[in-house]
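Working notes, structure below.
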Amino acid sequence: MTELSLTDIEFIKILANSDASILQIGMNNATRKRLDEQIGVILREYYRENTMNLKTGWTEKFLKAGINEDDGKSALACARRLGLDIS
């Protein structure tokens, strides 16, 4: 299981606290790639843990990183609006 890097934590917090339409405007190819390949994997595992009751450990990692349940849900919603397939 991958650990959350400081960059991952900040990216997830940005997703949790930003408007997807504003992020879409400023998103470049490198950011899109990171969202798809790194953050997307983390958010999918977090989603699965919270909807399918799988024990992936991401909820605990999020909490340790200061990302509460509301922030996690907001990050998931924003990522979806940006076109990321979560489920």
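If I filter region 51-62 for residues that are within 20 Å of Ser5 (Cβ to Cβ), β-branched (Val, Ile, Thr) and touching a Lys or Arg at 6+ places or on another chain (Cβ under 8 Å), do I get at least one hit?
Within region 51-62 (the criterion being within 20 Å of Ser5 (Cβ to Cβ), β-branched (Val, Ile, Thr) and touching a Lys or Arg at 6+ places or on another chain (Cβ under 8 Å)), the answer is yes, since at least one residue qualifies.
Given the conditions (1) at negative phi; (2) surrounded by fewer than 11 Cβ atoms within 10 Å (Cβ to Cβ); (3) not in a helix (DSSP H, G or I), report the number of the one that Gly66 does not fulfil.
Going through (1) at negative phi; (2) surrounded by fewer than 11 Cβ atoms within 10 Å (Cβ to Cβ); (3) not in a helix (DSSP H, G or I) one by one, Gly66 breaks only (1).
Restricting attention to region 25-35, report how many residues are assigned to a helix (DSSP H, G or I) and more than 24 Å from Glu69 (Cβ to Cβ).
Here is the first cut: in region 25-35, the ones assigned to a helix (DSSP H, G or I) are 25-26, 29-35.
Filter once more, keeping what is more than 24 Å from Glu69 (Cβ to Cβ): 25-26, 29-33.
Result for region 25-35: 7.
I need every pair where a residue in region 1-20 that is more than 13 Å from Asn68 (Cα to Cα) has its Cβ under 9 Å from the Cβ of a residue that is β-branched (Val, Ile, Thr) and in a loop (DSSP other than H, G, I, E, B), sequence separation at least 6 or different chains.
Listed pairs, sorted by first residue: Met1/Thr56; Leu4/Ile67; Asp8/Thr2.
Looking only at region 46-57, filter to residues that are touching a residue at least 24 places away in the same chain (Cβ under 8 Å) and crowded, with 17+ Cβ neighbours inside 10 Å; which one of those is nearest to Phe11 (Cα to Cα)?
Tyr46
Can you tell me which residues in region 25-37 are open to solvent by less than 70 Å² (accessible area, probe 1.4 Å) and closer than 18 Å to Leu76 by Cβ? Let's see the steps before the verdict.
Residues of region 25-37 that are open to solvent by less than 70 Å² (accessible area, probe 1.4 Å), as a first pass: 26-27, 31-32, 35-36.
Within region 25-37, Met27, Thr31, Arg32, Leu35, Asp36 qualify.
Of all residues being of a type outside the set (Val, Ile, Thr) and at pLDDT below 90 in region 1-19, which is most open to solvent (accessible area, probe 1.4 Å)? Just the residue, please.
Here the residue is Met1.
Restricting attention to region 78-87, and to residues there that are in contact (Cβ under 8 Å) with a residue 24 or more places away in the chain and in a helix (DSSP H, G or I), which single residue is surrounded by the fewest Cβ atoms within 10 Å (Cβ to Cβ)?
Among those that are in contact (Cβ under 8 Å) with a residue 24 or more places away in the chain and in a helix (DSSP H, G or I), it is Arg81.
Being among the β-branched types (Val, Ile, Thr) and either surrounded by 11 or more Cβ atoms within 10 Å (Cβ to Cβ) or not in a helix (DSSP H, G or I) (or both) is true for just one of Ile22, Ile42. Which residue is that?
Numbers: Ile22 fails: either surrounded by 11 or more Cβ atoms within 10 Å (Cβ to Cβ) or not in a helix (DSSP H, G or I) (or both).
On inspection, the qualifying residue turns out to be Ile42.
The values are calculated or read from the model by the stated rules, or taken from the named source; none is laboratory data. Treat the numbers as computed from the prediction; the structure is a model and nothing was measured. Using ideal geometry, Cβ is built from the backbone for each residue, glycine included, and neighbour counts are taken over all protein chains shown. Only protein heavy atoms, including side chains, enter the accessible area calculation; ligands, DNA and RNA are left aside. Shrake-Rupley method; radii C 1.70, N 1.55, O 1.52, S 1.80 Å.
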